[in-house]
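Beneath this line is the structure, given in structure tokens, with notes to follow.
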Amino acid sequence: MSETNLPVNEKFIFNKQDSSGEKLHEEREKSIKNPQDYWAEKAEAIDWFKKWDKVLDDSNEPFYKWFAGGILNISHNTLDRHITTQRKNKLAYIWEGEMGEIKTYTYYQLYREVNKLSKIFKNYGLKKGDRVAVYLPVIPELPITLLATARIGGIHTVIFSGFSAEALADRINDCGAKVLVTADGSFRRGKIVQIKKNADRALEKTPTIEKVIVVKRTCQEIDMKEGRDVWYTDALVAAGGNAYVPPEPMQATDPLFILYTSGTTGKPKGVQHGIGGYSVWAHWTLKWGFNPVDEDIWWCTADIGWITGHTYNVYAPLSLGITSLLFEGTPDFPAKDRWWEMIERHGVTILYTTPTAVRMFMKFGEEWINKHDISTLRILGTVGEPINPEAWKWYFKVIGKEKMPIIDTWWQTETGGFMIAPLAGIDLVPLKPGSATYPLPSIQAEVYDDKGQPVTAGNKGFLVIKSPWPGMLQTLWKDPERFKQTYFGRWENLYYTGDYAVKDKDGYFWLLGRADEVLKVAGHRLGTVEIESALVSHPSVSEAAVMGKEDAVKGEVPVAFIVLRSGFEPSDELRTQLIKHVRTTIGPIATPDEVIIVNKLPKTRSGKIVRRILRAILVSAEIGDMSTLEDASAVDEIKTIYAEIKKKSPK
Ligand code: WT7
């Protein structure tokens, strides 16, 4: 793709004068010329029990050490340091449950709750470096658990509550967690989801878990295992109402959390973030991107089970001392105006969400929005997947009333925070619909061809980052080799993002999606290999090839081509069974949109599946070169089968 396909000349200007970006480029230059001094100055924005010896220790590339020798605790920076100021009684969180119940926490109340849970953790014998697994819906106990874990020097790993028992067990076992915090159930569209049952199934094969703390959310009858399971409220009573646990002095280079994400193999990657660099990066990226002020009500709609929720629902807003809205539910329950009603109810000023949500609201229609006064909004953002120019413009016009910027933030679980985004907090450059504009200070982004050479402006290539930044992952949990290989293996000392991008003639970046076997389904990251492994674990499946197919709302959806084992016949029941099997093995987010049963997959003579051909069939494109195929007749057969399916249920 070249820049002629992108609206590179369309510009939207927000600040009164058409900014040339001079201030932004100056800041970027300063940060790149002398990163040590630059980050030493920025790191003063948070409290340190002891200052660092070195801002960046790069003696063991690519295992960079940020703020080496520094001592701090992120729970102190998000709580203790505010309660000695006038922020003490300011709201940290407004939480709204799916059923409409509202709970608020001031910074002081949050501090008290975090201390109580820290005390419980201490009573259970949890020590610095111990892992705490978290399997909770978006309820206040979720951020409380993260902060309490950080306070005692533990390492949290959150498993999205929509993941299956199997996914939960794998992650708990990979990191060897000692404690699991979960709930008796969760709500989804008015129905109860049995997450404790999932947890119990997982716990049958997680030998490291000693204690399970269960939050009461749905109040249904559940099994509690004697000696292992304890109700959160009972544990709190035992901890005492006035518990205080001093924040553990932590090395800046100690790990803060592990978050599992999908890669190109079947095994999820345990992305490990360290305390010091991540704290500083979280704080500054939110400040630079959205410039939130004391009066703001910040709403990042992400679930805390993903990195977006970790950084922008917990650590960054609390470090800046602002008020965040947390929401447990879905955008269309009980009706399609739930979000706009909530914006009106709480006076939300900043909305940060996904392109999938924007496209969904486009589909719902403007009447749902027009029922509400959303005039408190002053700035909008998106994240998670490429935003198509049409959706960008709709968001800008219908939600933003053509008065506010769209902050399109490109980043990844691995990067800790925003990497490429317009920066309302430094210098807002004219925006182009569909471009995330320029990299943040310190970020040296470039677009390379497959030989590792920079492409010329306007051409598509692989996005790479040429130097370290404070928010970068430290390593993959207990797998430094995979870390090196995945991110620094393609080109030495260059961080490989796995994304396609174009840099246009003005230096603006256009992020064009994954260049590897990773899908972004409604902004959720899924490995095709993971879904394939789930499918072949079913007794009827001998081979599977999964790929993404464009979807008007979700961006892309997984589609599976499968070959059955002998003795099994294709049928609608079997297809439904296989779809269900993927849901229970991974979780509902991985649900294949279609399962296409074929007799043979197109393969090279060496046995490699030629996905390019399957993709072409899905979109009815030219198949192209078939000379490397071992048996070209497979292609015609798949084409016929697919055409028949389309005839039966045209989409
Ligand atoms: C992948 C990372 C970033 C937090 C949420 C997702 C895609 C992310 C954008 C954007 C185009 C984007 C990339 C990236 N992505 N933001 N603004 N424009 N693509 O984190 O699950 O680790 O996924 O999401 O493909 O590599 P993640």
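The values are calculated or read from the model by the stated rules, or taken from the named source; none is laboratory data. Note that the structure is a prediction, hence the values are computed from the model and not measured. Every residue, glycine among them, receives a Cβ derived from its backbone with ideal geometry; neighbour counts consider all protein chains shown. For the accessible areas, the whole protein counts, side chains as well, though only heavy atoms, and no ligand, DNA or RNA atoms are used. Shrake-Rupley method; radii C 1.70, N 1.55, O 1.52, S 1.80 Å.
For this structure, a couple of remarks:
- Unit charges at the beta carbon, dipole of the chain: most positive-side option, Ser164, Leu351, His25: Ser164
- Normalised by 2.2 N^0.38 Å, where N is the number of residues, the alpha-carbon radius of gyration of segment 427-543 equals 1.27.
- For segment 581-596, the Karplus equation 6.51 cos²θ - 1.76 cosθ + 1.60, evaluated at θ = phi - 60°, returns couplings of 4, 5, 4, 7, 7, 10, x, x, 5, 8, 3, x, 6, 9, 10, 10 Hz by residue, with Gly and Pro reported as x.
- Structure-based [θ]222 nm, the chain - -39500 (n - 2.57) summed over DSSP H runs of at least 4, per residue, nearest 500: -8000 deg cm²/dmol
- Per principal axis, descending, Cα span of the chain in whole Å: 73, 65, 58
- Potential extension, Glu295-Lys647 segment - 0.36 nm per residue separation minus Cα distance: 121.2 nm
- When each of Lys432/Lys554; Lys401/Lys520; Lys197/Lys267 is checked by Cα-Cα distance, pairs over 26 Å: Lys401/Lys520
- Above-threshold pairs, the threshold being 25 Å between Cα atoms, out of Lys403/Lys549; Lys30/Lys505; Lys116/Lys205; Lys371/Lys397; Lys191/Lys211: Lys403/Lys549; Lys116/Lys205; Lys191/Lys211
- Segment 164-225, dipole about Cα centre (Lys/Arg Cβ +1, Asp/Glu Cβ -1), debye to the nearest 20: 300 debye
- Too-long pairs where the Cα-Cα distance tops 20 Å, listed order kept, from Lys54/Lys287; Lys119/Lys225; Lys128/Lys478; Lys216/Lys580; Lys127/Lys225: Lys54/Lys287; Lys119/Lys225; Lys216/Lys580; Lys127/Lys225
- Computed from label points 7 Å out along Cα-Cβ, the spacing between Asp234 and Lys451 is 6.9 nm.
- Convex hull (Cα only) mean projected area of segment 143-220, reported in nm² to one decimal: 5.2 nm²
- Per residue accessible area in Å² of the chain, where ligands, DNA and RNA are left out and the probe is 1.4 Å: 39 Å²
- Cross-link reach is defined here as a Cα-Cα straight distance under 12 Å, omitting same-chain residues fewer than 8 places apart; for Lys11 the aspartates and glutamates meeting it are Asp506.
- Antiparallel DSSP beta bridges within the chain, as percent of all bridges there, nearest 5: 60 percent
- Surrounding net charge for Val280, when Lys and Arg each add one and Asp and Glu each subtract one, Cβ distance under 13 Å: 0
- If R0 is 25 Å, the Cβ-Cβ spacing of Lys50 and Tyr108 corresponds to a FRET efficiency of close to 0.40.
- In summary, the convex hull built on the alpha carbon positions of segment 323-445 has an orientation-averaged projected area of 8.0 nm².
- Protein accessible area in the chain, 1.4 Å probe - carbon and sulfur %: 49 percent
- Net charge of the neighbourhood of Phe290, taken over other residues with C-beta under 15 Å away and scored Lys/Arg +1, Asp/Glu -1, is -3.
- Dipole magnitude for the chain: computed about the Cα centre from +1 point charges on Lys and Arg Cβ and -1 point charges on Asp and Glu Cβ, it is near 740 debye.
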